[in-house]
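These notes concern the structure reproduced below.
The values are calculated or read from the model by the stated rules, or taken from the named source; none is laboratory data. Keep in mind it's a predicted model, so treat the numbers as computed, not measured. We place every Cβ from the backbone using ideal geometry, glycine too, and count neighbours over all the protein chains shown. Just the protein is used for accessible areas: all its heavy atoms, side chains included, with ligands, DNA and RNA removed. Shrake-Rupley method; radii C 1.70, N 1.55, O 1.52, S 1.80 Å.
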Amino acid sequence: MNSISTRVRTKRTEASLGAEREHFDKKQLSSISKAINTTETPVKEKHARRIILGTHREKGAFTFWSYALGFPLASSSILSWKFCHVLHKVLRDGHRNVLQDCMRHHSSIVEIGRLWANLHDRYGQLVSLYTKLLCTKMEFHTKYSDIPPNLEVSDEVLERAAGTDINNVFQLTVEVFDYMDTELRLAETVLRQLNTSIAISTLTSGQCRLSPLIQVVQDCSHLYHFTVKLLFKLHACLPADTLQGHRDRFHDQFHSLKTFFNRARDMMYFKRLIQIPKLPDSPPNFLHAASLAKHVKPVVVIPEDDEPEQPDDDDDDPEPLIDIGSASASMVEAQPQQVDIFDQTFGPPNGGFDDRDLQIESLKRDLELLRAELERVKAEAQRYITQLKSQINSLEAELEEQRAQKQRALVENEQLRMELEAVRRRNSEHESIEATFFEAEKRSQATEQRYNKLKEKHTELVASHAELLRRSADTVKMLSATQQTQEEVERTKQQLTFEIDRIRQESDMKLEEQKFEMEKLRRELEEKMAEIMRIKSTLQTSEKTTEQVNSSMTALQAEKERLMRSMSEKEAELSSLRQSAQLQQSSLQQERDKSSRELGELQGKLQEKTSQEEQLKQKLLAEQFALLQGTVTEAENIIQDAVAKIDDPLHIRCTSSPDYLISRAEAALGSVDKVKRGHADYLSNMGDAGSLVRALTQFSHLAADTIVNGSATAHMAPTDHADRLTENCRGCATESLQFLKDLKSKISLQRADPASVRVIIQRILHLGQELRPKGMDVRQDELGDLVEKEMASTSAAIEEAVRRIDEMMNQARKDTSGIKLEVNERILNSCTDLMKAIRMLIIASTDLQKEIVDGGKGAATIQEFYAKNSRWTEGLISAAKAVGWGATEMVESADKVVLHTGKYEELIVCSHEIAASTAQLVAASKVKADRSSKRLTVLQQASRRVNEMAANVVASTRTGQENLEEKDTMDFSGMSLIRLKKEEMESQVKVLELESHLENERVRLGELRKKHYELAGVPLEQVSEGNGDSFSLPHSANMSPKHTKPAIMRKPNLAQKPHLPPKSLYK
């Protein structure tokens, strides 16, 4: 029987728990659906409170999120707004595990905010800001778990969260600033929307927006206090300049927060729901630590509403705060009656009727009555607890003020200590003055001793006065001088005595003043100590007050028992309250009807305003199109005027350069792009033609410039290019006029396209580039960089040549010996000396160029200097390239000579080429150099050194060639006369063939050099001009008869019989 009864109780307990859980889910779903809906009304406090109590009951927000995820938040901005409001309340007042549950849905909240941020909706903008606030709040409290989401922590907890590392304090301050920015941004946006809309705080639409600001006010008051504490701590550890940005940001937030609090305090909606604190007139001065004592923590008070909740028609019974029993009778009755297996088996006692069932039913009814009474008692107790909390908050504010007074007393004590230190310093100064006085006394005693000595001497002089008087007049003069000395000594003694008396009087007066100040400071110190004692007694009184509050809490427990006894009296009051609720419901119905009528009137005004806005919009479109027509007409006139100048006979005398035509064409292409963008902008928004008008104005002028300058450039161009350029200029005018004609009509406005104009302008640009002189392929702004690159590459080529010559030297020593090794070493050593001389020449040339650039660029940059002197710069580049190429070719020729696969003549020609190239580099550097420059002298010495080394290479090569070549002896003794004649004729034939071949090669050489000058951009008129710094070899008359290369660029004669020129030619 015991097992059967236990089974029955277990079954009933499980059924009770299941019913209780189902009842809880039903209540939560009802509260969530009533709190979060699409109606533009504020969230009712009782629904939010039930949701919060549900989080405490299940120790989390699982049920809330399971229902909240089913709402179509993407379809209604009001629904999303109220969801954010409820979530904010749940985060602040819900269970501590709510934060972890909400972080699991962080990405969903971000997506909601991102969705509404892209939509043009008033509530959508608010939802976007609110989601950012919620995400910032969750991230902050997840990182700093010691600070709860309601931000209600003591200063000790804040200190512990900040830690002792100043970097962590700095980071926490920045994150609190960001937290405050999101709060203030939401509040400012809400208040700005209320100013620009018809909603006010007395209407439900305005209250729907304003209701979340209560939580914002609560958050901001705590964040402001956190910021002040953290900034004072930072200023105590870091210099003031480092924290200038923090102070500026705090001042901005302070003024924004003060403005928000003042505006919210003036609204009727907030006056009955929240007591907003007042901020000081000016922000705290963080540069003075004493300002911390003046800071008072702002306290927000939520007054308790004395009127009980008015249940809606569709609300269920109030949910119990604490589960103290089994499932309610209503839930048990709601479930279908299940037949007990025990009753089916054994049957009910007493023939189907059991007294215990009646007792159970009566006990259940009594339990329900007691539960309802308990709920009412709890509600009353909760009201009293809230009132006591408000009193505690006020007492905490007073305690905070006492602490501030204590801090001020400590600061004053510190000031007194500093003043005492100053008094001590003054005492030390007084002691130093006394020491000075003692030294003065010592000096006076020494003076008296000297005076006594003088007095004794005076006595001796008086004794000998009678004898000296008889001797001579000189002795009389000496005596008179002695008397004058005595008088001076007397006067000195009197002055010293007077000074000693004055110093004594001054020291006595200063001593009296020091004593008086010491007495005064001692009295002030005693007064401050007495004030500190009074403050300590005040703190003890406040502690006693706290103990009294604790005793009052005990008295409240007794009051709770008394309230249980006064339950019958509350029943009568409840009936009266129900009647008053009915009266209020009728008045609310009347207010609702009145609001609907006002809403109809406002909708009519809104429609009227919409029609007026539509008329203004049409008028604006017409004005913008008229403005566009005027601009197009003016642009057509400008282009037609440019076309008329092409056929104007006076315009034939006008000329222009291809460079200027290219600049105009490029600017015109840029204006075509702007016209295209402006056309697209105008088609997307025909109410604003500003960008298209500005683009058309610029396009017309630049297109006209391109046409006029293209025609002027054609006057100087060859016939073929001139015809094509003139034709394209006319085509540009035709296409531009056609494009402008399309813009004048609304029908063709959509298909107007400046692409054909762009194509014509590009053709003009290409023709201008073809007409540019050769050698100008490099952009002007790149010449400076190209000079540095070429000089660097030349130096690198010289270094590489020296390295390769060393490798060839080592290889020759391994592979050859004897006379061959001696010849190879002599040639390679001379080549190495030449490369080293060239390297010194490059260094001297680089230094001289830097001096030239620094002296001639003025306020311009190096690139601008090179671009300004482009011809000189191109000469430098050409010379540097030639030197680097000659060095590379010499290494290749030397390698072939050492390996016996090349000719000695190639090495000689390379040395001549390098000498000529270095001479060109020197001449190019000398053009703009100062004649008195020391670096120019160094460059000239390096140039002579290069010439000497080049001559050494030629001499070494020819000497080695003569040593290695085998000379056959000519023995004609065995030949007959006919044989000798035949050999002579064959030798003459070979001489004539070689001379003919030599002449042809000279002609070919001349043509090659002519082509070289054309590619280098050197005018043919300058080919015949000479220069005093020329470098040439003898027999230059045998070179090309058609053209003569400039002396500085002239290459040595390659067709001569190997002949060693005198060294003076290379110097």
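Listed values, structure above:
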| read-out | value |
| --- | --- |
| Options Asp659, Asp673: the member that is charged (D, E, K, R) and loosely packed, with under 15 Cβ neighbours inside 10 Å | Asp673 |
| Residue check for Glu175: within 24 Å of Phe261 (Cβ to Cβ) and without any contact (Cβ under 8 Å) to a residue 40 or more places away in the chain | yes |
| Number of positions in the stretch 106-135 that are open to solvent by 30 Å² or more (accessible area, probe 1.4 Å), in contact with a Gly (Cβ under 7 Å, 6 or more places away or on another chain) and among the hydroxyl-bearing types (Ser, Thr, Tyr) | 0 |
| Residue identified as of a type in the set (Ser, Thr, Tyr) and under 28 Å from Ser205 (Cβ atoms) among Ser31, Ser66 | Ser31 |
| Yes/no for Arg96 being closer than 30 Å to Pro303 by Cβ, surrounded by fewer than 21 Cβ atoms within 10 Å (Cβ to Cβ), at pLDDT 90 or above and not hydrophobic (A, V, I, L, M, F, W, C) | yes |
| Some residue of the stretch 170-185 being of a type in the set (A, V, I, L, M) and outside any helix (DSSP H, G or I) | no |
| Qualifying residues in the stretch 752-797 (those that are in a loop (DSSP other than H, G, I, E, B) and open to solvent by 60 Å² or more (accessible area, probe 1.4 Å)) - the one modelled with the lowest pLDDT | Asp777 |
| Exclusive hit being open to solvent by less than 90 Å² (accessible area, probe 1.4 Å), charged (D, E, K, R) and at pLDDT 70 or above, set Glu571, Glu598 | Glu598 |
| Filter result for the condition that a residue is at pLDDT below 65, under 19 Å from Ala882 (Cβ atoms) and open to solvent by less than 70 Å² (accessible area, probe 1.4 Å), over Ala1016, Ala942 | Ala1016 |
| Residues that are part of a helix (DSSP H, G or I) and modelled with pLDDT under 85, drawn from the stretch 119-131 | Arg122 |
| Any hit, the stretch 132-145, residues being in contact with a Cys (Cβ under 7 Å, 6 or more places away or on another chain), under 14 Å from Lys229 (Cβ atoms) and modelled with pLDDT of 90 or more | no |
| From Ser925, Ser932, residue being more than 14 Å from Met890 (Cβ to Cβ), in contact with a Ser or Thr (Cβ under 7 Å, 6 or more places away or on another chain) and either modelled with pLDDT under 80 or surrounded by fewer than 22 Cβ atoms within 10 Å (Cβ to Cβ) (or both) | Ser925 |
| Scope the stretch 796-814; condition touching a helix residue (DSSP H, G or I) at 6+ places or on another chain (Cβ under 7 Å) and without any contact (Cβ under 8 Å) to a residue 60 or more places away in the chain; matching residues | Val802, Met809, Arg813 |
| Criterion violated by Lys857 - all others in (1) of a type in the set (Lys, Arg); (2) within 22 Å of Ala929 (Cβ to Cβ); (3) modelled with pLDDT of 75 or more satisfied | (3) |
| The stretch 736-751, residues that are part of a helix (DSSP H, G or I) and either open to solvent by 90 Å² or more (accessible area, probe 1.4 Å) or basic (Lys, Arg) (or both) | Lys741 |
| Output for the stretch 627-656, where each listed residue is surrounded by 21 or more Cβ atoms within 10 Å (Cβ to Cβ) and basic (Lys, Arg) | none |
| Residue satisfying all of: in the stretch 219-267; out of contact with any helix residue (DSSP H, G or I) (no Cβ under 7 Å at 6 or more places or on another chain) and of a type in the set (S, T, N, Q); surrounded by the fewest Cβ atoms within 10 Å (Cβ to Cβ) among these | Gln244 |
| Selection from the stretch 354-383 of residues that are open to solvent by 90 Å² or more (accessible area, probe 1.4 Å) and within 60 Å of the chain's Cα centre (by Cα) | Gln382 |
| Leading residue by the ranking (nearest to Glu623 (Cα to Cα)) among those in the stretch 677-688 that are in contact with a helix residue (DSSP H, G or I) (Cβ under 8 Å, 6 or more places away or on another chain), open to solvent by 30 Å² or more (accessible area, probe 1.4 Å) and part of a helix (DSSP H, G or I) | Asp681 |
| Residue list for the stretch 105-138, restricted to those being of a type in the set (D, E, K, R) and in contact (Cβ under 8 Å) with a residue 12 or more places away in the chain | Arg114, Asp121, Arg122, Lys132, Lys137 |
| From Ser656, Ser611, Ser663, Ser711, residue being assigned to a loop (DSSP other than H, G, I, E, B) and either under 18 Å from Phe739 (Cα atoms) or among the polar types (S, T, N, Q) (or both) | Ser656 |
| Whichever residue in the stretch 1-38 is of a type in the set (A, V, I, L, M, F, W, C) and modelled with pLDDT of 50 or more and, among such residues, is surrounded by the most Cβ atoms within 10 Å (Cβ to Cβ) | Ile36 |
| Test for Asp155: is it open to solvent by 20 Å² or more (accessible area, probe 1.4 Å) and either without any contact (Cβ under 8 Å) to a residue 24 or more places away in the chain or in contact with a Leu (Cβ under 6 Å, 6 or more places away or on another chain) (or both) | no |
